[in-house]
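No lab work stands behind these numbers, since they all come straight from the coordinates. Keep in mind that this is a model prediction, so the values were computed, not measured. Note: ideal-geometry Cβ built from the backbone for every residue, glycine included; neighbour counts use all protein chains shown.
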């Protein structure tokens, strides 16, 4: 996966540290945030993000609130929700709000990597369709 850039958002420090190491070892560029509010600020200055891995249950802004804000501000970024057993309803709600997918915590690293690859492919295909539409629009207006 060429230059895949991920934002990991979870309030559990040991989980973030472990997952950052594990994802980085697999060739992904990872930045992390311990809160939804900070994650949104980080996204403002990291416009090349491909995928956000977002915990559902966090203090302050929970994952669903963060997802809604991310989709408003950065509609092309794909979001994979992480959830514990008690918050499966939240994960389903997240899917309805535009999350790419969700995984149960603790998640299998290979399954997470697979979901990240699928999400990156979807994002890049969407970006390519937007570029093609812009080119078509530019060409059609230049001949009017």
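Just one of the numbered conditions (1) buried (at least 16 other Cβ atoms within 10 Å of the Cβ); (2) closer than 21 Å to residue 101 by Cβ; (3) out of contact with any helix residue (DSSP H, G or I) (no Cβ under 7 Å at 6 or more places or on another chain) is not true of residue 35: (2). Summed over segment 5-29, the residues that are surrounded by fewer than 20 Cβ atoms within 10 Å (Cβ to Cβ) and under 12 Å from the mean Cα position of the chain (by Cα) give a count of 1. For residue 36, the stated conditions do not hold, so it cannot be described as on the phi > 0 side of the Ramachandran plot and touching a residue at least 12 places away in the same chain (Cβ under 8 Å). Evaluate segment 50-68: report whether one residue or more is within 13 Å of the chain's Cα centre (by Cα), under 13 Å from residue 6 (Cα atoms) and exposed (fewer than 15 other Cβ atoms within 10 Å of the Cβ). The answer is no; no qualifying residue exists. Restricting 42, 95 to residues that are closer than 23 Å to residue 125 by Cα, in contact with a strand residue (DSSP E or B) (Cβ under 8 Å, 6 or more places away or on another chain) and either free of Cβ contacts under 8 Å to residues at least 60 places away in the same chain or in a strand (DSSP E or B) (or both) narrows the list to 95. Of the residues in segment 101-108, not one is part of a helix (DSSP H, G or I), over 12 Å from the mean Cα position of the chain (by Cα), buried (at least 16 other Cβ atoms within 10 Å of the Cβ) and touching a residue at least 24 places away in the same chain (Cβ under 8 Å). Kindly evaluate residue 81 against the criterion of being surrounded by 14 or more Cβ atoms within 10 Å (Cβ to Cβ), within 15 Å of the chain's Cα centre (by Cα) and free of Cβ contacts under 8 Å to residues at least 40 places away in the same chain. Considered against the rule, which asks whether it is surrounded by 14 or more Cβ atoms within 10 Å (Cβ to Cβ), within 15 Å of the chain's Cα centre (by Cα) and free of Cβ contacts under 8 Å to residues at least 40 places away in the same chain, residue 81 comes out as yes.
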